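The values are calculated or read from the model by the stated rules, or taken from the named source; none is laboratory data. Please read these numbers as outputs of a predicted model, since none were measured by experiment. All Cβ positions, even for glycine, are placed from backbone atoms using ideal geometry, and neighbour counts span all protein chains on display. These area figures cover heavy atoms from the full protein model, side chains too; ligands, DNA and RNA do not enter into them. Shrake-Rupley method; radii C 1.70, N 1.55, O 1.52, S 1.80 Å.
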Amino acid sequence: MTGATPGTSNATSRATTATPATGLDVRGVTVEPLLNAVKVRKSYGGTPVLKGISLAVNPGQVTCLLGPSGSGKSTFLRCINHLERIDGGRISVGGELVGYAQRKDRIFEMNPREVARQRRGIGMVFQRFNLFPHMTALENITAAPIGVRRISKQKAKDRGLELLDRVGLASLAQSYPAQLSGGQQQRVAIARALAMDPQLLLFDEPTSALDPELVGDVLDVMRTLAADGMTMVVVTHEIGFARGAADVVVFMDGGVVVESGPPAAVLDDPQSPRTRAFLDSVM
Amino acid sequence: MPQATLTGQGRAAAGLALEIDPDDIVAVPLRHPWRWILAVFLLIGFVSLGISLWQNENINHPTITEFIFNPRILSGVLLTIMLTVVAMLVSSVLGVLLAVMRLSNNPVMNTLAWLYVWAFRGTPLLIQIVFWGYLGLLYSQISMGIPFTDFTIFSIDTNTLIPALTAGLLALTLNQAAYSAEIVRSGMLSVDEGQYEAAYSVGMSPVFTLFKVVLPQAMRVIIPPMGNETISMLKNTSLLSVIAVLELYTVATQISSQNLRQVELLLVVSCWYLFLTSVLSIPQYYLERFYGRGKARSLPPTPFERLSAVLRRTPINTHRTDSQDVS
Ligand SMILES: Nc1ncnc2c1ncn2[C@@H]1O[C@H](COP(=O)(O)OP(=O)(O)OP(=O)(O)O)[C@@H](O)[C@H]1O
Ligand SMILES: [Mg+2]
């Protein structure tokens, strides 16, 4: 490998996935990216946290975001479902601008109800699970389908049990979150996100609050989802998962995308010294 | 278990238990002589106080027994209960509304709620009661129409619209709402930020999130101080005597002004207040249990479970674990 890459401290994107506006799927047919983020900027009280992040994720793709602490991974993920508002750039999911409506050439802020409708299509799994502690595992899963999508109670319950079965927790439907282990809670949280039939799933370090022996169960569920064709953006420090399950690995640092490409390229043959230093520190 | 059926293992275990394990701590328990001395002194004090009350020539005991279930007293008790229940229910709804307004990022709502709490918490309840009771002196007619014109839709005599009972209820409710608002607000602030994010991420609207996710969790924090407020409310109803609402205390003073047995009737009234406040702790207990579900690994036992456990001399599980310590 050659040494430093002069003059490319900002972005050393690979030609293959240089954040395309449109990509090619395996059959060579042009596909619209499901998630398209263009030059997203965000600052907290004058401190820029995201300095122009661009990322396109095609349907069915798994994208892993890696990067040191404080590089803005969580912030970017939260911008995708409009938990944070962005200062500049554009984020669209399924061809629809997130959080804003474009009419003619003007941009209008959406009202909370419209934002809520948009978020139904974007599931999110949190580092600290954030299950509703006053509801059983099953109620956690069915609350939104019943209350938001107005699915009948019986239908929602059947679907909830099916999802619990899928994450291997069918027998714990009536348990409260406090009665579950961390790994079980996180799998319930995944089932809760799946219950809204999202087109995109976001994971923010889903395994970093877990004891090492519980990580495997959660990663297994995520691998199954990936294999089933779910489109996912995963912030993780699990290099093994990124290598095995990701289609694209993106390395972020200091609010910019430093490097992105297929896992084999980014993980085994990083171009940027920053990527290399980070990988050395976590592997 | 009959002795004969002891298995070999069981016998071995029983035998082991008899020997003293050298690692066991065999210590003389710490003694607490002052507890005993204090308890004896207090007991003597209370007993002599009871005897002195009982033998006091100035207290006419038959009056107490005569009036404790007197129909007028009972109707006062009923009205007191009614006032407490209605004022607490309506003020709770108002309190939630004010708390939500206070926490919203709408500056108009925010200021309005702040002003409300400022005004109603900042002035004595007694003055508010008198104010509502004598509103007729301030505005003899209440009318609705278009401001700054002569056009009126309706006009009504204030004392007809707001009789003493309504005025009293209004005063208690509006005043309590200010306190409840602060309690509800602190309860809502105790709910983790991640709960809002999780609710929003599954597409719940802010209002739905409030009712399904935030308030049910806030309840756990809200109920104990609300129990306190209910007890205060029960006693504060006696302030309505200043506008002649016929609740328990007013009735008692009316009776005692006729038979001049003030102390006896105050004792009658105190017995009733004590009884009612004791009864109030029962629904509070069950509400706490209900809203505590999912928080503890096992629910605390009900008083009946406690009692039967004591009778059966089995240990009860009061161990609580917060969900936070799972990770
Ligand atoms: N609400 C906030 N207010 C102010 N600054 C914030 C806020 N949230 C995040 N930041 C800052 O933004 C930067 C990026 O934070 P972010 O949580 O996105 O990092 P991250 O890449 O997810 O890190 P980690 O791997 O530790 O989770 C940090 O420097 C953080 O201090
Ligand atoms: Mg983070």
With (1) modelled with pLDDT under 95; (2) within 16 Å of ligand 1 (Cβ to nearest atom) as the list, and A:Gln174 as the residue in question, which single condition is left unmet?
-> (2)
Selection from the stretch A:202-218 of residues open to solvent by less than 10 Å² (accessible area, probe 1.4 Å), hydrophobic (A, V, I, L, M, F, W, C) and within 16 Å of ligand 1 (Cβ to nearest atom) yields A:Leu202, A:Phe203
Index of the failed condition, B:Met204 passing every other in (1) free of Cβ contacts under 8 Å to residues at least 40 places away in the same chain; (2) surrounded by fewer than 23 Cβ atoms within 10 Å (Cβ to Cβ); (3) within 8 Å of another protein chain (Cβ to nearest Cβ) = (2)
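Give the residue, chosen from A:Ala226, A:Ala245, that is within 28 Å of A:Lys157 (Cα to Cα), more than 14 Å from chain B (Cβ to nearest Cβ) and touching a residue at least 24 places away in the same chain (Cβ under 8 Å). Show your work before the answer.
Working: A:Ala245 fails: within 28 Å of A:Lys157 (Cα to Cα).
That would be A:Ala226, the only listed residue that is within 28 Å of A:Lys157 (Cα to Cα), more than 14 Å from chain B (Cβ to nearest Cβ) and touching a residue at least 24 places away in the same chain (Cβ under 8 Å).
Is it fair to say A:Ala116 is at negative phi, away from ligand 1 (no atom under 16 Å from the Cβ), assigned by TED's automatic domain parsing to the domain that holds A:Arg276 and open to solvent by less than 10 Å² (accessible area, probe 1.4 Å)? Give the derivation first.
Numbers: at negative phi: yes; away from ligand 1 (no atom under 16 Å from the Cβ): yes; assigned by TED's automatic domain parsing to the domain that holds A:Arg276: yes; open to solvent by less than 10 Å² (accessible area, probe 1.4 Å): yes.
Against the criterion (at negative phi, away from ligand 1 (no atom under 16 Å from the Cβ), assigned by TED's automatic domain parsing to the domain that holds A:Arg276 and open to solvent by less than 10 Å² (accessible area, probe 1.4 Å)), A:Ala116 qualifies.
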For the stretch A:52-88, what are the residues that are away from ligand 2 (no atom under 16 Å from the Cβ) and within 14 Å of chain B (Cβ to nearest Cβ)?
-> A:His82, A:Arg85
In the stretch A:114-129, how many are within 16 Å of ligand 2 (Cβ to nearest atom) and more than 13 Å from B:Val202 (Cβ to Cβ)?
-> 3
Mind listing whichever residues of the stretch B:220-265 are part of a helix (DSSP H, G or I) and either touching a strand residue (DSSP E or B) at 6+ places or on another chain (Cβ under 8 Å) or open to solvent by 60 Å² or more (accessible area, probe 1.4 Å) (or both)?
-> B:Arg220, B:Asn228, B:Lys235, B:Val242, B:Tyr249, B:Gln254, B:Ser257, B:Gln258, B:Gln262, B:Val263
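Each row is one residue, and each column tells you yes or no for (1) closer than 24 Å to B:Leu170 by Cβ; (2) at pLDDT 90 or above; (3) among the small types (Gly, Ala, Ser).
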{"residue": "B:Val242", "(1), (2), (3)": "yes, yes, no"}
{"residue": "B:Glu247", "(1), (2), (3)": "yes, yes, no"}
{"residue": "B:Leu260", "(1), (2), (3)": "no, no, no"}
{"residue": "B:Tyr273", "(1), (2), (3)": "yes, yes, no"}
{"residue": "B:Thr277", "(1), (2), (3)": "yes, yes, no"}
{"residue": "B:Leu280", "(1), (2), (3)": "yes, no, no"}
{"residue": "B:Phe290", "(1), (2), (3)": "no, no, no"}
{"residue": "B:Arg297", "(1), (2), (3)": "no, no, no"}
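For the stretch A:89-201, give me every one of the helices (runs of 4 or more DSSP H) that falls completely inside it and has 1 or more residues that are more than 14 Å from chain B (Cβ to nearest Cβ).
Details: elements: A:112-119, A:137-147, A:153-166, A:182-194.
The qualifying helices (runs of 4 or more DSSP H) are A:153-166.
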With respect to the numbered conditions (1) surrounded by fewer than 20 Cβ atoms within 10 Å (Cβ to Cβ); (2) closer than 25 Å to B:Phe208 by Cβ, which one is the sole condition not fulfilled by A:Gln102?
-> (2)
A:Ala193 versus (1) over 19 Å from B:Ala199 (Cβ atoms); (2) under 24 Å from the mean Cα position of the chain (by Cα): which is the lone unmet condition?
-> (1)
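Do you know which residues across the stretch A:219-267 are among the acidic types (Asp, Glu) and either within 15 Å of ligand 1 (Cβ to nearest atom) or closer than 21 Å to A:Ser74 by Cβ (or both)? Can you show your working first?
Residues of the stretch A:219-267 that are among the acidic types (Asp, Glu), as a first pass: A:220, A:228, A:238, A:247, A:253, A:259.
Once the filter is applied, which keeps residues that are among the acidic types (Asp, Glu) and either within 15 Å of ligand 1 (Cβ to nearest atom) or closer than 21 Å to A:Ser74 by Cβ (or both), the stretch A:219-267 yields A:Glu238, A:Asp253, A:Glu259.
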Filter the stretch A:242-266 for residues that are assigned to a helix (DSSP H, G or I), over 19 Å from A:Phe203 (Cα atoms) and open to solvent by less than 10 Å² (accessible area, probe 1.4 Å) and give the result.
-> A:Val266
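Would you pick out the residues in the stretch A:72-83 that are assigned to a loop (DSSP other than H, G, I, E, B) and near ligand 1 (Cβ under 8 Å from one of its atoms)?
Answer for the stretch A:72-83, where residues must be assigned to a loop (DSSP other than H, G, I, E, B) and near ligand 1 (Cβ under 8 Å from one of its atoms): just A:Gly72.
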